[in-house]
Amino acid sequence: MQTQSSVDLRRKVQHLRDMLIQWATNQITTQSERGVKAKFRTEYKALRQDIIDNSDADIYHALPEAVRLYLDISDFWGYVKKKLPHTARERTNFLHKEFKPVLLRLDRPAGKLIDPVPEFAPLAFDDKMKEILNRRWRECQVCAQAGAHLAAIVMMGGLLENLFVARQGALKDKTSLIAGGGTKGSGVFSRRPVSL
């Protein structure tokens with residue numbers, strides 16, 4: 001039996017597929033209203049991120065390659081034109097085929113979902129850093145689910161290091177990062193080598 005969350009996720013995946021079909025068959029790009037394309041891009045990006053954040057490892061890997069690789073629908077458009085530069089019908093069939101594995105996986109009884117990505121916005125001061133942190137979080141979750149616990153721990157260390165570097169970069173006064181917050185003349189700085 002499917003859980004409510006897997007039913008919701010399936011609905012979102014179908015909606016994402018339908019959005020990509022609309023874009024790939026020029027149903028959106030030919031509309032004259034000015035804000036339609038921008039709204040569509042924003043909706044695609046948010047829906048894609050929501051699906052990825054709430055997918056387990058099996059579902060994530062069953063998603064079409066284009067969904068996993070391209071954050072923006074404009075990049076997806078370039079992918080479709082190169083991958084299948086023919087008619088709207090062929091593009092529609094191609095996208096139905098690409099989404100079939102993930103939809104079949106969502107029809108099976110749900111396994112444990114990956115823990116949702118925490119809100120990194122207060123720690124990441126730009127979208128690029130936030131995306132890196134989100135991606136690292138998902139990679140840690142995939143490793144843990146696959147039983148690669150040591151790899152998950154190492155990746156979590158990398159995630160924490162990224163958080164520290166992001167936080168360090170945001171500080172104007174970096175003296176709080178130094179032991180005791182001392183100054184160069186206060187004798188707080190140690191020249192002893194650090195060892196494990």
Evaluate E = 1/(1 + (r/R0)^6) for LYS174 and ASN93, where r is the Cβ-Cβ distance and R0 equals 45 Å; express this FRET efficiency to the nearest 0.05.
0.20
What spacing in nm lies between the two simple spin-label points modelled at LYS45 and ASP107, each 7 Å away from Cα in the Cβ direction?
3.4 nm
With every protein chain in place, the accessible area of HIS61 for a 1.4 Å probe, in Å² rounded to the nearest 10, comes to 110 Å²
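The values are calculated or read from the model by the stated rules, or taken from the named source; none is laboratory data. These numbers were taken from a predicted model, which means no experiment stands behind them. Ideal geometry is used to build each Cβ from the backbone, glycine not excepted, and the neighbour counts take in all protein chains shown. Remember, those area values only see protein heavy atoms, side chains included, never the ligands or the DNA or RNA. Shrake-Rupley method; radii C 1.70, N 1.55, O 1.52, S 1.80 Å.
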